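First comes the structure, then the notes that go with it.
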Amino acid sequence: MPKTALKPFLKYVGRRFFFLILTYFVAITIIFILPRAIPGNPLSQLLSRIAVQGAANPETISNVQKSLMEEFGVGKPIIVQYLSFLGRLFRGDLGTSINFYPKKCLDVLAPFIPWTLFLLIPATLTAWIIGNTLGAVAGNKRGTWMDNLVLNTSLVISQIPYYWLGMLLIYTFSVKLGIFPTQGGYAQGLLPSFSFKFITSVLYHYVLPFLSIVIAAIGGWAIGTRLLVIYELDADYTIFAVNLGMRDRTVFKYVFRNILLPQITGLALNLGSALGGALITELIFNYPGTGYILFRALSTLDYPLIQAIFVILIVAIYFANFIVDFVYAIVDPRIRLGQGEGS
Amino acid sequence: MWKAMIRPLFKSPKFIVGMTIFLLIVLMAIFGPILYPKDPTSFAGMPEQPPSKEYPLGTDTYGGDLLAKVLNGTRSSLYVGFLVAIISMSIGLLVGIFSAMKGGIVDELLMSFTNIVLTIPSILLAILIASYLRIRSLEVIAVILGILSWPWFARAIRAQLMSLINREYVYLSRLAGYGDFRLAIEDLIPAIATYTFMAFILFINGGILGEAGLSLIGLGPTKGVTLGVVLQWAVLMEAVRRGLWWWFIPPGLVIVLLTSSLLIITTAMDEVFNPKLRER
Amino acid sequence: MRGKILGVFLSVLLLTLLLVPSTLGQVSLPRNETLYTVGALWSATTWSLYAPSSTYGTEHFLYLPLFIYSNMKDGWLPVIAESYQVVNRRTLRIKIRDIAKWSDGTPITAQDVEFTFACTKEVGIGPGNGWWDYIQSVKAVDSKTVEFVMRPDVVNYASFLGYALGIRPVPKHVYEPLLKKGVQAVKDFQNDDPAKQVVSGPYKLFYTDPNIVVYGRIDDWWGRAVFGLPVPKYIGNVIYRDNAVANLDFEKGNADWAGVFIPDVSSLWTQKRLPIGTWFKNKPYYMPDGVNLLYISYYNPLLRDPNVRKAIAFAIPYKEMLDKAYFGYGNQAHPSMVIDDFEAYQEYIDRAYARYVWGGDGKPKTDLKKANEILDKAGYKRGRDGIRISPDGKRMGTFTIQVPNGWTDWMMMCEMMAANMRAIGLDVKTEFPDFSVWWTRWTQGTFDFILGWSAGPGFDHPWNVYRLVLDPALYKPFGQDQYGNFQRYNNPEVGNILKKIAAALDPKVRRTLYFQLQRIVYRDLPVIPLFYGAHWYEYNETHWVGWPNAERPWWFPAAPWSNSALPILFGIAPKGQTPKVPAWVELKAKGGLLIPTNDILNALSKAK
Amino acid sequence: MKDTLILSLENVRSYYAKGNYYVKAVDGVSFNIFKGEVVGIVGESGSGKSTLSNVMIMNIKKPLNFIEGKVILNVGANFLELNTLPRQELQKIIWGRETSIVPQSAMNALMPTKKIRDFISDLVKDHFERALNEEEIIERAKQRFTDVGLSPNDIYRYPFELSGGMRQRAVIAMATLLNPRLLICDEPTSALDVANQKLVLKTLEQLRKREIVESIVFITHDIATVRQIATRMVVMYAGKIVENSPVEDIIKDPLHPYSRGLLLSVVTPEPEIKKRGISFIPGTPPDLANPPIGCRFHPRCPYKMDICEKEEPPLKKVDTNREVACFLFNK
């Protein structure tokens, strides 16, 4: 990159960074305000658990409640709370989980996150690649039987919720045919280790959740890309190139490249919903990822843990967004050289 | 004009297929619960029965009639979908139009706000908000989803208006001394009507899917049966792994038919109205 | 293509990351040496007792109590303790076994017990929480003898004995340094390093991740000489998403020992022919585990009239509720709140009086006619809409009956009760709020009707139920948190009787007092007992056999979640081997080790 | 005077297939273009003139169909029947080398994410594989850029780094890079301001004068432009040629009633009017899916005769170098 070009690039990246930080701040503030705006006893679940566990001794429960209220308790002015909340966030302290008390939320979450990444990233990328390819080919062969096939299947497939597809896959391949395991991240009784047995078990359990995310996501990408290809094939620059005798293949290469750029941004914007989908898919498959722990946190109203999950997920999404912006800025000369903002 | 817009639609096989499926489901949602008046929430009958004459779609673990649940669920899901669409469309139109007409600092502020909402992952935020609400009616769910899904539409509307505003005839209306509001009504809205209609359909789609997603993780409506709630119970009761297909296939199928028929309708409309996609 | 390579690369990278923390040589648990349990573990938290809720197993396998109580045999199994000695009516000495040792070889001493109590008081959470309300002092007399002195102002043998006999000592040499650092250090201690765990029980943590907790047997456990060794080498607790997932795994034989609600459980052996059993082969399948009640709050003035309450008691469709919503897993509760399914508690019920008040066998039968008569007689006239008007002219409604959303069996029961109450002219509708809302309303008394639990069988039953539900000492105004006396029933007379019962050592005296209490309960109807909740206990004999049941009732409580179920692990066997019930699970008189509760009470009453 | 034939269309029909019917965008068109000519093809939007530009180089892509006729191009010394050549062949040896199209919206005609130089190198590779020295072609591109009034270093820039007028000229430079015989300009000036319009026209004229291109076809709705640059004017209406005359003649004396209407219309670039067609000729252009029987102009024609509703007037010579399709002159 020539030196002169560096400045607009940095300016762009800097602006995006600032914007994401700002947005993250807004998100964090929402996360902070929500529990305080709505009354309720977040400790109820924990207390009831002790109550049910046979320690029906009223004194015990009152004592525990007192002790916990102090620890999780509020009462200070809201601004002080907010600042200390931000301060703790800044130090990476996401608080103590109620249900996993006395575990720190971060410690509770840590083991689940790699599983989600392990599922989400390859699945999303695979879907993105296959979907874009299919869409591009269909758009390029517009009006042929292949285009119709891709378009019509995509229209239906893109509307199949991940989780329902997951259910169908489990029902078909696990329950009826018995080809794949019905649930979990690896076979019960195995202890995680760097052994052939364990790794094959993990991969074996990986197939269905992976497929359910990939298949459900392909359609959306294919539809979008097809449309973009059609637009681009009709774009002035394409027509000009064709009329100059450029080969169809070369032209298509250009078009595809130009489409991938907006689709990279699409990938970033889509990450949130992809993550949401993956979380629910994990739930369906009892896959030991973040979705599973989120569901547990939600069903037990473990608010510190819920907050921590969202703080982390949103950070992850924004980080990914920023990475994508960065890549985008490098790949797209218009942004790199400071002309326009892209689409 | 009206005729010219509608007629080409009915030449599109996609539009006809999509519309037929959609209308059938709407009819089912409206008349189903009347023609099959079993109470969807009552616990009665034999548990986990496969479809039979008495229970056309079988029963769940508590003997609930699944046909009744699916019919009422379709109705509620559609209701949520429409509410979401109305809410997000209204906000989107308001923000988009206001932003485009006023311009300047108003535009800048509104667009920053829009971008922030757009960047915050809406599904996660919906989950977060819903998790704090103890009593969630269908309307509350719709509001949560509605207030999170408008930004892309607002941006698109603004962009469209901006390009329209620069056109001469709008300029002429301005010269003629029309106020901004009248300008908006008379000249601009017709120009963006088709687009808005298509967005409306997509919002319904988003609403239905969003509700189902929220319900599935246990954050759906606390009162009433939606398709998502039926699915949620199927998951909670392990209907899938226990092979109770009649429990989870019908509600999911209705969702897919409903949303894909809507998507097919918009695709068809796009092909008919969008000059770039029209086959010359 | 480049993306695909990236994808594969990332996958491999992440997989490696996943595996880094595991340095175990072992790849899998041998199935025939591993016992899998279901329904006891929802999340691993801490393996320290100084927490509101520790990981399943901490109390069950890691830290043993001085005595384990069996409510079926009404006897105390001396575990860490060897014997007790009554010094006087307020003083009890307990001798700790000489061979008792922590897993690091340090002897378990009286000082450990003393420290455990002291630490709990300081931290505010922990074993024996609340002991200071009943016990004046805990002192080590010598290294193996600990002395408990009851408070002179609060004579409450139930609580005194409960705390003294049931305490689970923690190793002083581990906790004292923590306590010196501060209370928070104790609270934060998670005790999750298998290598550093110092336990008194026959198991300690072997492996854990978010999906599973595995305990491994300590083969040179100190108690081996007395009790032998528990049979399973490993105990695996899979952490399930919810009941349904757990049930399915249990059904498949992936888990052996369950304590979960399984819909229509008998179909597992009658239809599916699975080697699965519960306590009883036939209805009610399960032993009772507690009294579930309809709490009618005094919050709404319209519901304070005992006539209304009595009419409701006759309107409730007990049998229908149990059969349809509960799959018949329990019996209708006795209106006295005493669990009449246990032989030991029968004597506390004034049966003649119950029959006099409620007719038939002493339990109210669903009788809408009678309910209507009661209301008619009390001056509640029906309004035009069929809803009654109270004598002072108020419409009887709209009331709500509520349970948490998602508790389907209870939700179903509420619907049934509401329908019957509407039939007798009370406008009742159901409401299924979120759990936390329900909990807040319940503990603050701001509800009309709530279906809720109370207490279960124990050596202090039925005192424990009466005290939780009725004690005016637990009375708090509406809107303030209190765990107990949820309906806000404020009757000092009841308070006096409860105090006397707690102080009474003579069973005859106690009996008379209980009879008095029952008269008040039948008169005022502060709550309406509905049914006994089931002691969820199921076993799958695919891999392990020898489980106790009604035909071989060698130990109870039998559910994996019960912290008194440890002896079961000593009497089961892998499939193919013959299980041998250890001799020590019997009462002393029958050649075992169990000390009957009455022996202790007698010794106390004989002392000066 | 015009001896060397460059391009010849013989009764060409090319229709858009739409479901079960055709839109007859080019319907029986014949004309010749000779060396040195600048032919202006004039017509309203929807008259088929843009489709004609594709047909002239045989760039036929679905849903457009080539129904019948011959498209003959003079390549070297041979006459090639383009409609018989496969697409790959056309791409390789005809398009860009023998023919070139300067598109309407030069603003967006350049590959947005490629440097111009890279684009040129890709283009050249597609045409010549390794036969041609790339350096040589780059040098020629620089030269051509200079010719059209740009800096030679502009080829190392991205399109978005150029202004609108510069881009227009860059497009012309690239279109003529391989010295095509025939340059087809599809409304190249409609998006430009007057100053740039003049500049472009001047550039085109110079290219022809220097014989970098041999003939130019200028497609436009704007008669004023045609008057400035063209030697001959072809008027299209509803997929057909209605008149084909030297510019001076047609301006002096338009034969076809439609030509007359066109010439009388005020030249206005105002978009709304452009869209609605020629405002003072009553009626609208016909639906090409279902054109009127007989003369396609008859519903709007002030001189309509009975025969006009029944028969199609053929395009006939009425003078040495004038052709018209109208029964007024066809007796």
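Things to note:
- Per residue, chain C exposes an accessible area of 36 Å² to a 1.4 Å probe, with every protein chain left in place.
- Per residue of B:252-262, other chain Cβ atoms within 10 Å of the residue Cβ number 4 on average.
- When the alpha carbon gyration tensor of the range A:215-342 is reduced to an equivalent ellipsoid, its three semi-axes come out at 40, 18, 9 angstrom, largest first.
- Crossing angle, helix C:306-315 versus chain C [Cα axis fit, 0-90 degrees, rounded to tens]: 70 degrees
- Computed Kirkwood radius, in angstrom, where 1/r is averaged over Cα pairs of the range A:113-288: 17.7 Å
- Within straight-line cross-link reach of C:Lys324, lysines at Cα separation under 18 Å, skipping those fewer than 8 residues along the same chain: C:Lys283, C:Lys365
- In plain terms, if you count all Cα to Cα distances in the protein assembly as shown and split them into 10 Å steps from zero, the share in each step is 1, 7, 12, 16, 16, 13, 10, 8, 6, 5, 4, 2, 1, 0, 0 percent.
- Heavy atoms of C:Arg90 accessible to a 1.4 Å probe, total area in Å² rounded to 10: 80 Å²
- Share of pairwise Cα-Cα distances greater than 29 Å in chain A is 55 percent (whole percent).
- Accessible area buried between chains B and D, both sides summed, probe 1.4 Å, in Å² to nearest 100: 500 Å²
- Ordering B:107-119, C:282-294 by mean Cβ neighbour count within 10 Å, with the highest value first, yields C:282-294, B:107-119.
- The protein assembly as shown, accessible surface, carbon-and-sulfur percent (1.4 angstrom probe): 59 percent
- Between the range C:298-370 and the range C:143-195, the alpha-carbon center distance in angstrom: 40 Å
- Heavy atoms of B:Trp247: accessible area, 1.4 Å probe, square angstrom to 10: 10 Å²
- Gyration tensor over alpha-carbon atoms, the range D:1-68, equivalent ellipsoid semi-axes in Å: 25, 12, 9
- Other protein chain Cβ atoms within 10 Å, averaged over every residue that makes up C:425-435: 3
- Cα-only Debye scattering, the range C:361-470: base-10 log of I(q)/I(0) at q = 0.10, 0.14, 0.22 Å⁻¹: -0.39, -0.74, -1.18
- Across the protein chains, with a 1.4 Å probe defining accessible surface, the residues A:Trp145, C:Trp131 rank A:Trp145, C:Trp131 from largest area downward.
- Against chain C, whose longest principal axis comes from its Cα atoms, helix C:110-123 is set at around 60 degrees.
- Average accessible area per residue (Å²) across chain A - probe 1.4 Å, nucleic acids and ligands excluded: 39 Å²
- For C:Ser266, the accessible area of its heavy atoms, probed at 1.4 Å with every protein chain present, is near 20 square angstrom.
- Buried on assembly, the range C:190-237 (at least 10 Å² less accessible surface than by itself, 1.4 Å probe): C:Gln190, C:Tyr207, C:Asp209, C:Pro210, C:Asn211, C:Ile212
- Å² per residue, accessible surface of the range D:5-324 at 1.4 Å: 42 Å²
- In the range B:222-242, the residues whose accessible area drops by at least 20 square angstrom when the other protein chains are added to the isolated chain are B:Thr222, B:Lys223, B:Leu231, B:Trp233, B:Val235, B:Leu236, B:Glu238, B:Val240, B:Arg241, B:Arg242; the probe is 1.4 Å and only protein heavy atoms count.
- Kyte-Doolittle mean at least 0.0 and Cα axial length at least 30 Å: DSSP H helices in chain A: A:6-37, A:113-140, A:196-233, A:248-285, A:303-331
- Accessible surface comparison of B:Glu54, D:Glu89, probe 1.4 Å, protein chains only, largest first: the order is B:Glu54, D:Glu89.
- Interface burial in the range A:273-287 reaches 30 Å² or more for A:Ile280, A:Leu283, A:Ile284, A:Asn286, comparing the full protein assembly with the chain by itself; accessible area from heavy atoms with a 1.4 Å probe.
- Structural size metrics of the range C:440-566, computed from C-alpha coordinates, are Rg and Dmax of 18.2, 55 Å.
- Size of the A/B contact, given as accessible area buried on both chains, probe 1.4 Å, in Å²: 4700 Å²
- Three-way shape label, the range D:48-169, alpha-carbon gyration tensor, a/c 1.5: prolate
- Neighbouring Cβ atoms from other chains, within 10 Å of the Cβ of residues in C:124-136, number 4 on average.
- Here, chain D has an Rg and a Dmax of 20.1, 65 Å when only alpha carbons are counted.
- Dipole-positive endmost among D:Ser50, D:Asn20, D:Leu264 within chain D (Cβ charges, Cα centre): D:Asn20
- Counting lysine pairs in the range D:1-152 whose alpha carbons fall under 23 angstrom apart, excluding pairs fewer than 8 residues apart on the same chain, gives 29.
- Given charges at Cβ of Lys, Arg, Asp, Glu: the protein assembly as shown dipole, positive-most of B:Ile135, A:Ala187, C:Tyr326: B:Ile135
- Sorted into 10 angstrom bins from 0, the C-alpha pair distances of chain B split as 7, 24, 28, 22, 12, 5, 1, 0 percent.
- Chains A and C together, accessible area buried on both sides, 1.4 angstrom probe, square angstrom: 5500 Å²
- Radius of gyration and Dmax over the Cα atoms of chain C, both given in Å: 26.1, 89
The values are calculated or read from the model by the stated rules, or taken from the named source; none is laboratory data. Because the structure is predicted, anything quoted here is derived from the model rather than measured. For neighbour counting, all protein chains shown are included, and Cβ atoms are generated from backbone atoms with ideal geometry for every residue, glycine included. Areas reflect the complete protein model, heavy atoms only, side chains present, ligands, DNA and RNA absent. Shrake-Rupley method; radii C 1.70, N 1.55, O 1.52, S 1.80 Å.
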